[in-house]
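The values are calculated or read from the model by the stated rules, or taken from the named source; none is laboratory data. Predicted, not measured: the structure shown is a model, and the values here were computed from it. Counting neighbours? That spans all protein chains shown, and the Cβs are built from the backbone with ideal geometry, glycine included. Quick note on the areas: whole protein, heavy atoms, side chains included, nothing else; ligands and nucleic acids left out. Shrake-Rupley method; radii C 1.70, N 1.55, O 1.52, S 1.80 Å.
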Amino acid sequence: MIPRRASYRDIPLYAPSKRPCRVDLSDNTNLFGVPPSVERVLTSCVSAVPRYPQGYAPELRRALATCIGAEPEAVTTGCGSDDIIDSALRAFLEPGDTLAFQDPTFVMVPMFAKVNGLNAVPVPLAPDFDVDADALLATGAKVIYLCSPNNPTGTALSRAAVERVVDGAPGIVVIDEAYADFSPGKAFLELARSRRNVLVTRTFSKAFGLAGLRVGWGVGSPELVAEVEKARGPYKLTGVAEAVAVSVLTDDADWVRDRAAAAVACRERLRGELTALGLSPLPSEANFLMVPLPGAQAVAERMRERSVNVRAFQGLTGVGDALRVGVGPWPLMETALAALRESLR
Ligand SMILES: *Cc1c(COP(=O)(O)O)cnc(C)c1O
């Protein structure tokens, strides 16, 4: 008999439907190709592969700090921003403590709560998809998780509501900004610089086109960041991933910005087409659209039979059933629209 941790019994392995599909719009990654410097850097770091990397990714930390005008001690990195969120929960909460988070949000958050033995308290977003600051604060949670623009709704939070949460929180506020590069509004990064209780997380997995390398980063006060680094531990970023991330950040900034702008343009064009089909996508500041649609699961299954993969959600708080459609170059969107039209019948 394998000794099992009782609280892990009903934790499923992460398994989004990933049947190979010609057009995969299910995970919000960059569908516009590979950043130009990646191949060169991959070749040049081959000789470093037999040795361990530096423990805490100092080159990437420095490059990110320069980029945002902060000191390196205010920046942390990880094996995806997932790793940073998970490490922050371990750093600031003991098993049994409460984690409050907006609902709906990133599906990994309740999973991380479970894995870390936390009491997960989802707090519904307001009808306009802004965060309900008073309800979140009323939980008394030592860590509050916010996400803007939010996955899976695509909607952004208001500055007033986020500042209310930050100012009233008894502990740490994590603000997940995985999609900030697609959002026209001023992001919340500056709150991580001006307040001691805010950790903002960002990722190279979406706009930066490096999902396969697993690179995330976070910003906060140095004393907060130091605790996250302890919980995360060393060597979570491979030397290869670190080198590529530094190069995409410094050499490919134009590529990233232009592709993000293209994604936003395709998103709005897609919104028009979906509206013409009688659907009502939620307002999005990310590289995907959430489309409320009763029976979304069955529609997604029929789309998959037509080799287009979109993510279906069932019974989301305040939304109901919905499809989440990632945005990429327009020809992919046309294929998706054709599959959707046939699947709606
Ligand atoms: C995709 C996504 C992430 C990124 O996760 P990585 O581990 O950096 O790949 C984080 N938060 C949200 C809300 C996301 O949608």
Farthest toward positive dipole pole in the stretch 63-163 [+1 Lys/Arg, -1 Asp/Glu at C-beta], among Leu136, Asn150, Val121: Val121
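Report the FRET efficiency, 1/(1 + (r/R0)^6), for Ala6 and Tyr235, where r is their Cβ-Cβ distance and R0 is 45 Å, rounded to 0.05. List each step's numbers first, then the result.
Details: r = 30 Å, r/R0 = 0.68.
In this case the efficiency is close to 0.90.
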The stretch 29-75 versus the stretch 286-345: alpha-carbon centroid distance in Å: 34
Surface accessible to a 1.4 Å probe, Asp181 within the full protein complex, Å²: 60
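If each residue of separation counts as 0.36 nm, what is the full-extension length gain between Ser158 and Ser47 once their alpha-carbon separation is subtracted?
Values: separation 111, 0.36 × 111 = 39.96 nm, distance 4.73 nm.
So the extension gain works out to 35.2 nm.
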Rounded accessible area of Cys79 (nearest 10 Å², 1.4 Å probe): 50
Dmax and Rg, reported as Rg then Dmax, of the stretch 1-135 (C-alpha, Å): 19.6, 54
Accessible area, probe 1.4 Å, largest first, for residues Glu342, Glu177: Glu342, Glu177
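What is the gain in length, in nm to one decimal, between Met111 and Glu342 on full extension, counting 0.36 nm per residue of separation less the C-alpha to C-alpha distance? Intermediate values should be presented prior to the final figure.
Numbers: separation 231, 0.36 × 231 = 83.16 nm, distance 3.47 nm.
Once the chain is fully extended between Met111 and Glu342, it gains 79.7 nm.
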Nearest-10 value in Å² for the accessible area of Val109, using the 1.4 Å probe: 0
For the stretch 185-304: Kirkwood Rh in Å [reciprocal of mean 1/r, alpha carbons]: 17.5
Among beta bridges that DSSP assigns inside the chain, antiparallel share in %, nearest 5: 45
Cα-projected label distance for Arg257 with Glu223, points at 7 Å along beta-carbon direction, nm: 3.7
Listed residues Tyr14, Tyr145 arranged by accessible area, highest first, probe 1.4 Å: Tyr14, Tyr145
Size of the stretch 38-251 as Cα extents on the principal axes (Å, biggest first): 53, 37, 28
Efficiency of FRET from Cβ geometry, Ser307 and Arg269, R₀ 22 Å, rounded to 0.05: 0.55
